[in-house]
Structures are given as C-alpha cells and as structure tokens.
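Asks: Starting off with a structure, shown below.
The values are calculated or read from the model by the stated rules, or taken from the named source; none is laboratory data. Here the structure is a predicted model, which means the values were calculated and not measured. Glycine gets a Cβ as well: all are built from the backbone with ideal geometry, and neighbour counts include every protein chain shown. The area values use the complete protein model at the heavy-atom level, side chains included, leaving out ligands, DNA and RNA. Shrake-Rupley method; radii C 1.70, N 1.55, O 1.52, S 1.80 Å.
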Amino acid sequence: MADKERTRLVVFDVEGVLIPRNMFFFQVGRSIGFFTLLQILLYRLLYEMGIISLETSLKHVFKKLKGQKLETLQNVFDKIPDTAKLQEFFTQIKKEGSVQIVLISSSLPTSIVEQIAKCLGANYAYGINVGVNTNGEITGEISGKVIKVNGKKRILQEILDKEGLTLRDCTIIARDRNNQCIYTDETKKIGFNPNFIIRIKSDHVIMGKLGNILPILNGKKVKRSFPSVNDFVRETIHVSGIFMLIIAHVIGIIPVAIFILILSFVYLISEFSRLCDKNLPLISIITRHAASQSELYGFAAAPLFYALGILITLLIFPFPISATAIAIFTLGDSAASIFGGTIGIKLPYNKGKTLEGTLLGFTFAFLAGSLFIAPWIAIIGAAIAMFIEYLPVPINDNVLIPIITATALMALI
C-alpha cells in the first residue's frame, strides 16, 4: 500500500515548524522588558543545549511571565507570519484524502495552540496548561502531559485509540529533540530544519520552506528547492571570510584579529539593539537579509561562531596552515549549502545532506586550499572538512570545521 494511502494522521510540532522557533517567547518577552526577554531566551538556550530539561526551562520562563494577562500571550497569535500560506498548506494536505491533523506544542499554552488549530483547520490541539487567576493573570504555574517525559507519546496513543489507527498511519513533522518519544520505527518521520538528534532519526529532512514537505506527504516526487535570497546573502558573507587571509598576509595576523574582535563586538551590540526593537545602521539591515526566519526571533549567534572559528584558527595555527583551513572552510561549506538542494542521493545518518552538495563542496574546498598548500594535502584537508560538515553534531560547525581541519593539516606537514 502506498504511503499516502496509509497515512491518516499528520502530527505537527508547532514551534519551529508552523511558527518560527522562539517567536512566541521573543514577542511576549520583548513586550514585558529587555532583561526579562534576555532571561527567557537564556532558559530556552539552556534547554536547547541540553543543560536543563524542557520542564525546568518552561517553569522558569512562565514564572517570569507571572502577573501578565493571558490575553497578552494570545495576542501574539496575530503576529504569526504568513498565516495565509499556512492555511493554503493545510488545504493542500487535506486534498489528498481523509487526513486528521494534530498540533502538539511543548512550549505554547493550549489556548494558543487551539487558536492556531482553529485558524488552520487542524483536528486536535495540545499545549501547556497555564495557571490563570480570576483576573485572567498568569500565576506562573504550568502543567500538562506535553512537558512530561514521553508525554507526547501518551497523547498520540490516545488519539490513535480514538481514531482506530496505528503508529504506521502516522507522519510526524518535527524539529526539536522533545519529539524523540514519538519518533518510533513505525511512523514516517520528517525533520523540518531539525536539530542534530532529529536529523539523525528522520526518514526525510527538509530544509527551508515548509511547502517542500507536501510531496513527501502526498507520495510525489520532491522538486528541487532553489536557495532563497537570504541563503545567497548569508553564504556570500560566509565566503567573504577568505578576504581576511589576504588582508592578514599584507598587514599581519594581529591587526586582522583585532578587526574581527571589534566587528564581533559591534555585531553583539547590534543584536542587543535588535532585541530592543532598535536598528544599528547597516549591520541590522544585513542581519535581516541574511538571517533565517527563526533567527529573527532570538539572538542570531551564527556570525559570532563564524568569527570565533576564523579567529582561533588564525591565532593558533601558523601560516599557511591557518590560511588553508579557513579557505577550505569558507568556500567548501558555502558551496555545499548552496548546491546541496533537495534533489540528489541522500547521505546516511544525515538526510539533510546530499552527495551532490558534498561533492561540490569538496571540489570548491580543494580549489581554495590549493591556493595556499600542495594539492595532495589540500585534497586531504578538503575531505576532512566535508566529513565534519556532513556529521550531525551538536557543536557549531563554524567553529569545528576550521579548527579540526587545521589540526589535521598540522599533523600532515
């Protein structure tokens, strides 16, 4: 029996899939105050880093929201971008037959998930139970199955029992690791811009637009997804790091290192200003055109990791080792991202990567490395860099790739 005939229950994780990650807490926290926003984002970050549990993180977050009107939180729903596109997306899903759609969120209040479900025509909606007093103010207390270990699994089983379905009738679309409990062998699993754990466990990985999920749900051929304007801007900035090598060769490493530190500090100020709904000329504009949608609703740390990777490599490793590693990193990683697309031979353990993208990334990495070192060594360096880029690891590859590549090159020379 075809997948599209078997699938009768489609389960969406809400935050990070249907709405940008951290958008809800970003908007609510910003309306309360800057320092509250920072604390909320910190607790969210600690969870995403695996330092604290989801339940612990959310309990701290909602304590910070104590005294706020629940209505204030519900009004954030009106700021969800591209609601019309989401409605069309759900309409397309339902055109393929009898489909029950489930929305489950481990971060949002049930009332907000129900609002989203009503707007989009979903059949089930589950979220956090938020304590509210007689004045409609949040008490800071939260409860519910969704924040408990295996809570989503129990909710899913209740729905299946009610509908007379099995796990084989389910398609799970998720981003965050709190969905591991419903990522069973029997279900079809689609990771949407997933973190590294979900990326490993998914049957399919979709990066970029939510609409790219439709062919998988409907059993049709996946069309090539061309890079967006934001992708090109981001990767152009990524490639520009190679100019740091040229400047370092002319004026020295220390001045360039100081320049990178100053630029990083200015970017840090720009991000804090953006969190306060203020713009720093030029840098804020570049950030808005380069950041992904989810990065706009939180602190976009990727450029700082990028600067850190280049800075450490320049300062620790001698020329031309540092130059080779950085050149391989800047050109190879960008080429793999731009040319990877969604069409190609999916690589095992990381289905968000394609053989097509990896080979093109390797080619550009090799050519870049050959500018500074013997070709046979550049080949090895490029292979190491692309292997690291392929690995689904929790450490940011903007730091990992140049440093490990440089370390390997040191061992060869």
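Asks: Write down the Å³ per residue value for the convex hull defined by the alpha carbon atoms of the chain.
Replies: With only Cα atoms used, the chain gives 140 Å³ per residue.
Asks: Can you tell which of Gly33, Gly332, Gly121 shows the greatest fluctuation in a Gaussian network model of the chain with Cα springs below 10 Å?
Replies: Top of the fluctuation ranking is Gly33.
Asks: Might you work out the accessible area of Phe265 for me, using a 1.4 Å probe with all protein chains in place, and round it to the nearest 10 Å²?
Replies: 130
Asks: If the only charges are +1 at each Lys and Arg Cβ and -1 at each Asp and Glu Cβ, what is the size of the charge dipole of the chain around the Cα centre, to the nearest 20 debye?
Replies: 600
Asks: How much accessible area does Asp161 have with a 1.4 Å probe, in Å² rounded to the nearest 10?
Replies: Taking all protein chains as shown, Asp161 has close to 100 Å².
Asks: As I understand it, the dipole of the chain uses +1 on the Cβ of Lys and Arg and -1 on the Cβ of Asp and Glu, about the Cα centre. Which of Leu165, Gln87, Gly67 lies farthest toward its positive end?
Replies: With unit charges placed on the Cβ atoms, the residue in question is Leu165.
Asks: Right, another one. Taking a 23 Å limit on the Cα-Cα distance, which of the listed pairs Lys59/Lys209; Lys85/Lys145; Lys152/Lys209; Lys95/Lys118; Lys95/Lys353 fall beyond it?
Replies: Lys59/Lys209; Lys85/Lys145; Lys152/Lys209; Lys95/Lys353
Asks: How big is the Cα convex hull of segment 20-73 in projection, averaged over all directions, in nm²?
Replies: Approximately 3.6 nm², given one-decimal rounding.
Asks: I would also like to ask the following. Return the calculated 222 nm mean residue ellipticity for the chain, to the nearest 500 deg cm²/dmol, obtained by summing -39500 (n - 2.57) across DSSP H runs with n ≥ 4 and dividing by the residue count.
Replies: When only DSSP H runs of four or more count, the value is -17000 deg cm²/dmol.
Asks: A further question on this structure: Top to bottom by accessible area (1.4 Å), largest first, where do His60, His238 land?
Replies: Result, largest first: His60, His238.
Asks: Further, regarding this structure: Kindly identify segment 131-240 as rounded, prolate or oblate by the Cα gyration tensor criterion: order the square roots of the eigenvalues as a ≥ b ≥ c, call it rounded if a/c is under 1.5, otherwise compare a/b with b/c, prolate if a/b is larger, else oblate.
Replies: oblate
Asks: Taking a 1.4 Å probe, which of Arg175, Arg154 shows the most accessible area, and what order do the others take after it?
Replies: Ranked list, largest accessible area first: Arg154, Arg175.
Asks: How far apart, in nm, are two points set 7 Å out from the Cα along the Cα-to-Cβ line at Asn150 and at Leu46?
Replies: Roughly 2.7 nm, to one decimal.
Asks: Still on this structure, please answer the following. Mind checking which of Ser106, Ile32, Tyr47 is farthest towards the positive end of segment 30-119's charge dipole, using Cβ charges of +1 (Lys, Arg) and -1 (Asp, Glu) about the Cα centre?
Replies: Ile32
Asks: Something else: Most fluctuating residue of Ala125, Ala335, Ala248 in a GNM of the chain with Cα springs under 10 Å: which is it?
Replies: Ala248
Asks: Relative to the longest principal Cα axis of the chain, at what angle does helix 34-48 sit, 0 to 90 degrees, rounded to 10?
Replies: Helix 34-48 and the main axis of the chain meet at about 80 degrees.
Asks: In what sequence, largest accessible area first, do Met23, Met207 appear using a 1.4 Å probe?
Replies: Solvent-accessible surface, decreasing: Met207, Met23.
Asks: Next question, about the same structure. If you scale each eigenvalue of the Cα gyration tensor by 5 and take the root, what three semi-axes come out for segment 78-188, rounded to whole angstrom and sorted largest first?
Replies: Details: eigenvalues 120, 79, 30 Å².
In descending order the semi-axes read 25, 20, 12 Å.
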